[in-house]
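Notes follow once the structure below has been shown.
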Amino acid sequence: MTDFSSADAFLATVPSFARFGQLLDPGLYAPLPDDWVVGFADVVNSTRAIEAGHYKKVNMAGAAVIAAVSNALGNAPYPFVFGGDGASFALPSDSAAARDALACTAAFVAEIYDLELRVAEVPVAAIRAAGFDIRVARFAASPDLNYAMFSGGGLAWAETRMKAGEFSIPPGPPGCRPDLSGLSCRFEAMPSRRGVMLSIIVQAANPDPAAPEAILYRALIEDVIRLVEESPEMARPVPEGGPPLGWPPTGLDLEARTGQSRGTSVGLRRLKLLVQTALSFLVLRLRIPVGRFNPSRYLNQLVANSDYRKYDDGLRMTIDCGHKLADTIEARLAAAAAEGIVVYGLHRQRAALMTCLTPSVYRSDHIHFLDGAAGGYSAAAASMKGKTGRANPSAA
């Protein structure tokens, strides 16, 4: 029997694919080992927090989960998906360090961001015992980075159970501080250049992959992806050359609180960040090479390494597009929903936000999490709740 005691060993056996339209090809997905666990985190009442203007906090809380687990694992690769107001991931069940990082992150988010972060771990064996599967593929977003896609219906089922209070992990003790090295939000919001920044969530109305509607669902997802990729009205949210830069960055105070160690003041951390961000602003704005760091290469990688499209038992995309394309997408999805093929949510806004996870500026596999700047995936999920008349697994 193959030893998958590390996520790295398992991921080495999973093929990667570079054409996003292939994402529903079952041959690209490998079943997670039975003795693994699936981890979840989501901000409770994220829609309300975003409506109160705390969208950066919500995004940072979701990305903090990934950063904390990554650092707990020594930056070894593992499959994860950023969901805007939370995250999902999979690990061998003996990853006690990851569990501790989840608990500590929940405590940190409550104390520093004043948000409730729900965290849980669900055994893969329990997912399969409930009649669902969970499989993972690797999407090669660029030559330097691939990130996980999940299928099989198990992720959505497990997330629903988590939101019902099962498999929960209690928050860590007050004052607990996860290692969030590499997590930042120093870039400004990216205004739409095509007309609207559109956040999209599409899920199968019947999660059973053997259901008769599954073929129609797959055809619809492929059609939507093809429509987006072939349209001259579409662009990725991150412009060529990278996001807008400003100094001091609007997320400075939030990052100062994020990186605050116990016993150090926010003011001192803020002062240090003012100096650091001033230097990085000049280096990136003027494209000044510093030692081995090439700012032009880093920004090119940043554009390519943004996760503006993904799949986690449902299609998620945040795209910059024209109003006509947005209307066409909505009409296609509405027709499919009326036929009982999908449930979906859309949210239109004027800009997108980026939250960055850069373990080292000298590595090329840094990843940049994208969401809409005025609700994004949380607002799209809330609209799904309204369409279905029940709480959707992805809704906050």
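Considering only residues in region 180-201 that are in a loop (DSSP other than H, G, I, E, B) and touching a Cys at 6+ places or on another chain (Cβ under 9 Å), the one that is modelled with the lowest pLDDT turns out to be CYS185.
Number of residues in region 344-358 that are surrounded by fewer than 24 Cβ atoms within 10 Å (Cβ to Cβ) and within 29 Å of PRO212 (Cβ to Cβ) equals 1.
Residue-level analysis places THR318 among those that are under 30 Å from GLU111 (Cβ atoms), in the same structural domain as LEU370 (by TED's automatic domain parsing), β-branched (Val, Ile, Thr) and in contact (Cβ under 8 Å) with a residue 24 or more places away in the chain.
Go through region 15-26 residue by residue and tally those that are within 13 Å of ARG138 (Cβ to Cβ) and part of a helix (DSSP H, G or I). The qualifying residues number 2. Determine whether VAL361 is in contact with a helix residue (DSSP H, G or I) (Cβ under 7 Å, 6 or more places away or on another chain), surrounded by fewer than 20 Cβ atoms within 10 Å (Cβ to Cβ) and in the same structural domain as ALA204 (by TED's automatic domain parsing). It is true that VAL361 is in contact with a helix residue (DSSP H, G or I) (Cβ under 7 Å, 6 or more places away or on another chain), surrounded by fewer than 20 Cβ atoms within 10 Å (Cβ to Cβ) and in the same structural domain as ALA204 (by TED's automatic domain parsing). For region 121-134, the count of residues that are more than 28 Å from SER360 (Cα to Cα) and aromatic (Phe, Trp, Tyr) is nonzero. In this entry, ALA256 passes the filter for residues that are under 25 Å from HIS54 (Cβ atoms), of a type in the set (A, V, I, L, M) and not assigned by TED's automatic domain parsing to the domain that holds TYR55. Of the residues making up region 143-179, not one is without any contact (Cβ under 8 Å) to a residue 24 or more places away in the chain and either outside any loop (DSSP other than H, G, I, E, B) or outside the structural domain of HIS368 (by TED's automatic domain parsing) (or both). Identify, please: which residue in region 66-102 is touching a Ser or Thr at 6+ places or on another chain (Cβ under 6 Å) and in a loop (DSSP other than H, G, I, E, B) and is, among those, nearest to PRO171 (Cα to Cα)? In this case the residue turns out to be ASP85.
The values are calculated or read from the model by the stated rules, or taken from the named source; none is laboratory data. Keep in mind it's a predicted model, so treat the numbers as computed, not measured. FYI the Cβ positions are ideal-geometry reconstructions off the backbone, even for glycines, and counts take in every protein chain you see.
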